[in-house]
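Bear in mind these aren't lab numbers, they're just calculated from the coordinates by the rules spelled out. Quantities reported herein were computed from a predicted structural model and do not represent experimental measurements. We place every Cβ from the backbone using ideal geometry, glycine too, and count neighbours over all the protein chains shown.
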Amino acid sequence: MKKSLIAASVSSIIALTSFGAFAEGPSFYGRLDLSLTNSDTGLTTREAKEGTVLENNFSHLGVKGTEKIADGIDVIYQMEFQVENTSTNSDVFKARNTFLGLKGNAGTILVGRNDTVFKQAEGGIDLFGNSNADIDRLVGAQTRSADGFWYYSPKIADVLTINATYLMEDNQASEGSQYAVSVTLGDKKLKAQSYYVAGAYNKAIAGMDAYRGVVQFKVGEFKIGGLFQNSESTSKPNLEGNSYFVNLAYNLNGVNLKAEYAIDEAGLGLYAKRSGIQNDDTTDVNITSIVVGADYKVTKSTMVYGHYAMYDGDYKANSIKTDLEDDNVFTVGVRYNF
């Protein structure tokens, strides 16, 4: 019944958009992103299977728009669904960012489901985002949460924003307040300003307390970035520590060359989870990741890409050091936006 209702909703969106039944402003959009991946262990792939697999990297469709309801006040809305009908996943549709809100001179407030402002504080630092080399393989709190409120201030002096997420307690897994706050400077797309700086704090969302700092800047054809995050599990305080990312991108005649090096000492990312080390007796986690790759836009809507990612590390359980299973991942894919 649930899947039928979602399918009906998506069909209605498509039909209404096609026949212009909406008020002025809504736009229908989507993405198909498929890749061919070979992995030693499958610990970082979508299907969590070793060998060669076809990955559906968060293909989705949606509708969004704004409508003026009074002088200086607009209604804003978005309904977005992840589409899994190119994979073996039995859930054809999954919920993504879906919200209703108001935008005015005092800022923007949203109600519904959305990426937390802690996750959004990453800006453009995640060079391999929405793939098996996403930064969430090493760090936690990269969360899309529901049943909450979001606030985004207007840009102060054209560079500064203050943002917040607050989740209602009735539908959350843990008791107590769950919220996130962030402050950003500059432009995450590195266009209006050639720099982006952010600081963010996450309280209890996704079962952890965390804070992070992000910096990225552009010099000529180079983009240089770094992320620092400190994380601690709210249920397993032994799982805590720092994570570090540094990366570099260079535009070579339209080919975007990328490289990233990361270290994780908290053990709260997807690689650690699938490795089975998120236990009460785990300490001294030390995970390393190296990713190199490139992407190229064939047209405005179509991009081809490829990367190699390596993950390895070790940890202690009851003071006994154990090596994690290494994962070498090769990926080539194509992304089409419409």
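Can you work out the Karplus-derived ³J(HN,Hα) for every residue in the stretch 41-48? Use 6.51 cos²θ - 1.76 cosθ + 1.60 with θ = phi - 60°, whole Hz, and x for glycine or proline.
Going residue by residue, I get 10, x, 5, 10, 8, 4, 7, 6 Hz, with x marking Gly and Pro.
Residue 319 label point, 7 Å along Cα→Cβ, cut-off 20 Å on backbone N: hits in the stretch 263-303?
Within reach of a label on residue 319: 279-286.
Using helices alone, what [θ] at 222 nm do you get for the chain, with -39,500 (n - 2.57) per DSSP H run of 4 or more residues, divided over all residues and rounded to the nearest 500?
-2000 deg cm²/dmol
Which residues' amide hydrogens lie under 5 Å from the amide hydrogen of residue 59, considering only partners 5 or more residues apart or on another chain, with H built in the peptide plane?
Those qualifying (amide H under 5 Å, at least 5 residues apart or on another chain) are 33, 83.
Just to verify a number: FRET efficiency for residue 248 and residue 302, C-beta to C-beta distance, R0 = 35 Å, to 0.05?
About 0.90, to the nearest 0.05.
Please list, in order along the stretch 185-197, the HN-Hα scalar couplings obtained from phi with the Karplus expression 6.51 cos²θ - 1.76 cosθ + 1.60 (θ = phi - 60°), rounded to whole Hz, x for Gly and Pro.
Working through the residues one at a time gives 10, x, 10, 5, 8, 6, 10, 4, 10, 8, 9, 9, 9 Hz.
Within a 10 angstrom radius of the beta carbon, how do 99, 245, 149 rank from fewest other beta carbons to most?
Least to most surrounded, the residues fall as 149, 99, 245.
For residue 281 and residue 50 in one chain, what is 0.36 nm times their gap in residues minus the Cα-Cα distance, to one decimal in nm?
Here the segment from residue 281 to residue 50 would lengthen by 80.4 nm.
Using just the Cα positions, wrap the chain in a convex hull and report its mean projected area in square nanometres, one decimal place.
18.1 nm²
Summing Lys, Arg as +1 and Asp, Glu as -1, what charge do residues with Cβ under 15 Å from the Cβ of residue 34 carry, residue 34 excluded?
-2
Could you state the angle between the C-alpha long axis of helix 2-18 and the longest principal axis of the C-alpha atoms of the chain, as a value from 0 to 90 degrees rounded to the nearest 10?
50 degrees
Ranked from highest to lowest mean number of other Cβ atoms within 10 Å per residue, what is the order of the peptides 222-230, 121-129?
Ranking the peptides 222-230, 121-129 by packing returns 121-129, 222-230.
Taking θ = phi - 60°, what integer Hz values does the Karplus form 6.51 cos²θ - 1.76 cosθ + 1.60 yield along the stretch 308-318, in sequence order, with x for Gly and Pro?
Working through the residues one at a time gives 10, 10, 10, 10, 8, x, 7, 7, 10, 10, 6 Hz.
Which residues among the stretch 120-134 fall inside the zone where the amide N is under 19 Å from a point 7 Å beyond the Cα of residue 273, along Cα→Cβ?
120-122, 126, 128-134
Under a 5 Å amide H to amide H cut-off, with H placed in plane at 1.01 Å, what residues pair with residue 193 once short-range neighbours are removed?
Under 5 Å from the amide H of residue 193 lie the amide H atoms of 187, each far enough along the sequence or on another chain.
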